[in-house]
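Just below is one structure, and these are the notes that go with it.
The values are calculated or read from the model by the stated rules, or taken from the named source; none is laboratory data. Keep in mind that this is a model prediction, so the values were computed, not measured. Glycine also receives a Cβ, built like all others from the backbone with ideal geometry; neighbour counts cover every protein chain displayed.
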Amino acid sequence: MSDRRPLILVTNDDGVQSPGISSLRRAASRVGDVIVVAPTREQSAQSHAITLDRPLRHIEHETNIHSIDGTPADCVYLALFERRFLPRRPDLVLSGINRGHNLGTSVFYSGTVAAAREAAMRGIPSMALSAPPDADTEQLIEHVTQVVSALIEQLRAATLPVLLNVNFPRAASRATRVTRVGRQVYEEQVIPRVDPNGREYFWIGGRVMEGSEPEGTDAHAIALGYASITPLALESTSMEHWAIAAQIAQNMSLEGDMP
Ligand code: MN
């Protein structure tokens, strides 16, 4: 990143109208030029889905604030590859501030994290940001400004496709720990019901189960009242299970033809 004012793409998964994205826009505007391209409606837990089976509609709400009736990943894809949204490739992509934490296995379900990952996959540094719904807005904007400034400072030395997952605690503390992804165990809950026409349907997904988070994880830091910052990897090959895969490949190849 050069010394010029950074161009920052802001998105989220709670929708363009959410309070969290306006807080993030305010914070980011203090350190860069901000353009918002966010989902028209809430897209929480859409993970990294992209929309391939229907057209995507665009609304320009005001100058530099756009919404797309798709997923968070759709928004980043369109912002990066359709020329009308950004004057140039952004220096940074920020996603959030999500209404509620994205800790542990939530990084797999989260649209907030996926939007940031979509940018990182294209070589653009990105940060997902999440906070409890009842966090103090002005304090949060202050802390977000600080964490984004600190990242921009790092990027002045070398622009890397770093993907960071940041969670803020409920209390207005800026003490921050670097963490690894925890477990964030949810109750595994299925509620079967019957609709007025006599057909059965289900609600899935339970509440977070408190406690039992190991030291050093994101959820543990949050439980202690710290902010948490986790560097996420794009590489998802498991070297831990390489030997199992190699054994299967060897068995398959014993009597197989060489390609
Ligand atoms: Mn959300």
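Taking ALA49 as the residue in question, decide whether it is at pLDDT 95 or above, surrounded by fewer than 21 Cβ atoms within 10 Å (Cβ to Cβ), hydrophobic (A, V, I, L, M, F, W, C) and within 16 Å of the ligand (Cβ to nearest atom). Taking the combined requirement at face value, the residue satisfies it. Quick check: anything in region 157-172 under 14 Å from ASP13 (Cα atoms) and either surrounded by fewer than 21 Cβ atoms within 10 Å (Cβ to Cβ) or away from the ligand (no atom under 16 Å from the Cβ) (or both)? No, there is no match, as no residue in region 157-172 is under 14 Å from ASP13 (Cα atoms) and either surrounded by fewer than 21 Cβ atoms within 10 Å (Cβ to Cβ) or away from the ligand (no atom under 16 Å from the Cβ) (or both). Comparison of ARG5, ARG54, ARG88, ARG26 shows that the only residue that is more than 16 Å from the ligand (Cβ to nearest atom), in contact with a helix residue (DSSP H, G or I) (Cβ under 7 Å, 6 or more places away or on another chain) and not in a strand (DSSP E or B) is ARG26.
GLY20 - would you say it is of a type outside the set (Lys, Arg), part of a loop (DSSP other than H, G, I, E, B), within 12 Å of the ligand (Cβ to nearest atom) and modelled with pLDDT of 95 or more? No. When residues in region 29-46 are screened for being more than 14 Å from the ligand (Cβ to nearest atom), surrounded by fewer than 21 Cβ atoms within 10 Å (Cβ to Cβ) and of a type in the set (A, V, I, L, M), 1 of them pass. For THR112, the requirement of being buried (at least 24 other Cβ atoms within 10 Å of the Cβ), among the polar types (S, T, N, Q) and touching a helix residue (DSSP H, G or I) at 6+ places or on another chain (Cβ under 9 Å) is met. Has region 241-255 got any residue that is under 21 Å from the mean Cα position of the chain (by Cα) and either of a type in the set (A, V, I, L, M) or loosely packed, with under 10 Cβ neighbours inside 10 Å (or both)? No, there is no match, as no residue in region 241-255 is under 21 Å from the mean Cα position of the chain (by Cα) and either of a type in the set (A, V, I, L, M) or loosely packed, with under 10 Cβ neighbours inside 10 Å (or both).
GLN17 meets all of the listed conditions (1) without any contact (Cβ under 8 Å) to a residue 12 or more places away in the chain; (2) polar (S, T, N, Q); (3) surrounded by 17 or more Cβ atoms within 10 Å (Cβ to Cβ) but one, namely (3). Considering region 93-196, the qualifying helices (runs of 4 or more DSSP H), each wholly inside and each with 1 or more residues that are without any contact (Cβ under 8 Å) to a residue 24 or more places away in the chain and within 23 Å of SER18 (Cα to Cα), run over 137-157.
For region 128-152, the set of residues classified as surrounded by fewer than 23 Cβ atoms within 10 Å (Cβ to Cβ) and either of a type in the set (S, T, N, Q) or within 12 Å of the chain's Cα centre (by Cα) (or both) consists of THR137, GLN139, THR145, GLN146, SER149, listed by residue number.
To keep it simple, each residue is scored yes or no on (1) in contact with a Lys or Arg (Cβ under 7 Å, 6 or more places away or on another chain); (2) farther than 23 Å from GLU42 by Cβ; (3) not charged (D, E, K, R).
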| site | (1), (2), (3) |
| --- | --- |
| VAL107 | no, no, yes |
| GLN146 | yes, yes, yes |
| GLU153 | no, yes, no |
| LEU160 | no, yes, yes |
| GLN184 | no, no, yes |
| GLU187 | yes, no, no |
